[in-house]
Amino acid sequence: DVKVTQSSRYLVKRTGEKVFLECVQDMDHENMFWYRQDPGLGLRLIYFSYDVKMKEKGDIPEGYSVSREKKERFSLILESASTNQTSMYLCASIGLGHYEANYGYTFGSGTRLTVV
Amino acid sequence: DAKTTQPNSMESNEEEPVHLPCNHSTISGTDYIHWYRQLPSQGPEYVIHGLTSNVNNRMASLAIAEDRKSSTLILHRATLRDAAVYYCILRDANTGTASKLTFGTGTRLQVTL
């Protein structure tokens, strides 16, 4: 089975800190995504990457950046954490061609970030 | 992206079939219909997807209306472990695998004994 692993399940950070959320997948997938999930708002896409060193903005990129130096790893960076970035963060991946082959996106279990 | 409409919540008894509806009246010809579900404290997981024909897999069945403006996810025998939020999502096949999935708020399925 494809595994998407997020480095932390729970994280508490202070306002103004630089925060790194790490995501690693083990199936050589080209495409990786970062979402955040908030009650009543569903999942919203922050950034995605379709190749190493490539990135595209999603719907809510403000206050975030990403890094994809290796194919298996996609990092989400909060440059200066704020309380409105308290949320559940979800990473996902999918390979080329897997869409048509009846595979879906594989999500990690999420990182619940609290900014105080 | 074309929009989907789902009921906020549904209830089912265990061991009974569940039909989760989704309306997508503005669907385009190249939109696939995807279903994902999210169990408590987990990330979403892929359930099934289809384009025009009904689809079956080990988890569920997907029934697509002839005009494609609606679809129904069918769980044949609900169990307590099927209690989750179910998302119906449209995805344009022309945009390639790097395109995003746009999640709505889904249907919260409650399964009772």
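The values are calculated or read from the model by the stated rules, or taken from the named source; none is laboratory data. Quick caveat: nothing in here was measured; it's all calculated off a predicted structure. Don't worry about glycine lacking a Cβ; one is built from the backbone with ideal geometry, like all the others, and counts go over all protein chains shown. Ligands, DNA and RNA are stripped out before the accessible areas are found, and what is left, the full protein with its side chains, is counted by its heavy atoms. Shrake-Rupley method; radii C 1.70, N 1.55, O 1.52, S 1.80 Å.
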**Request:** Measure off, as a whole percent, the carbon and sulfur share of the 1.4 Å-probe accessible area of the stretch A:1-81, all protein chains present.
**Result:** 49
**Item:** Estimated distance in nm for a label pair at B:Leu51 and A:Arg112, the labels positioned 7 Å out from Cα along Cα-to-Cβ
**Value:** 4.1
**Request:** Any chance you could check the Cα centroid distance between the stretch A:52-80 and the stretch B:18-46 for me, in angstrom?
**Result:** 26
**Message:** Residues of the stretch A:40-58 losing 40 Å² or more of accessible surface, assembly versus chain alone, probe 1.4 Å, please list them.
**Reply:** A:Leu43
**Area hidden from solvent between A and B (accessible, protein heavy atoms only, 1.4 Å, total, Å²)** = 1900
**Request:** Report the local net charge at A:Ser67: Lys and Arg +1, Asp and Glu -1, summed over other residues whose C-beta lies under 11 Å from its C-beta.
**Result:** +3
**Shielding score for B:100-113, defined as the mean number of other chain Cβ atoms within 10 Å** = 3
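With every protein chain kept in place and ligands, DNA and RNA left out, what is the accessible area per residue of the protein assembly as shown? Probe 1.4 Å, answer in Å².
50
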**Prompt:** So what J values fall out for the stretch B:18-29 if you push phi through Karplus, 6.51 cos²θ - 1.76 cosθ + 1.60 with θ = phi - 60°, rounded to Hz, Gly and Pro as x?
**Reply:** 10, 10, 9, x, 8, 9, 8, 5, 9, 4, 9, x
**Asked** Can you list, bin by bin at 10 Å, the percent of alpha carbon pairs in the stretch A:38-116, starting at 0?
**Response** 16, 48, 30, 6, 0
**Request:** Return the carbon/sulfur percentage of the accessible area of chain B, one whole number, probe 1.4 Å, all protein chains in place.
**Result:** 46
**Request:** Once you have a ≥ b ≥ c as the square roots of the Cα gyration tensor eigenvalues for the protein assembly as shown, tell me rounded if a/c is under 1.5, and otherwise prolate or oblate according to whether a/b is larger than b/c.
**Result:** prolate
**Prompt:** So for chain B, Kirkwood radius off the Cα pairs, Stokes-Einstein at 37 °C and 0.692 mPa s: how many µm² s⁻¹?
**Reply:** 232
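Quote the charge dipole size of chain B about the Cα centre in Debye, to the nearest 20; the model charges only the Cβ of Lys and Arg (+1) and of Asp and Glu (-1). Don't skip to the end; give the middle numbers.
Values: 10 positive and 11 negative charges, 47 e Å.
Here chain B has a charge dipole of around 220 debye.
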**Loop trypsin sites (Lys or Arg not before Pro), the stretch A:19-65 (other Cβ atoms within 10 Å of the site Cβ: 15 or fewer; DSSP)** = A:Lys53
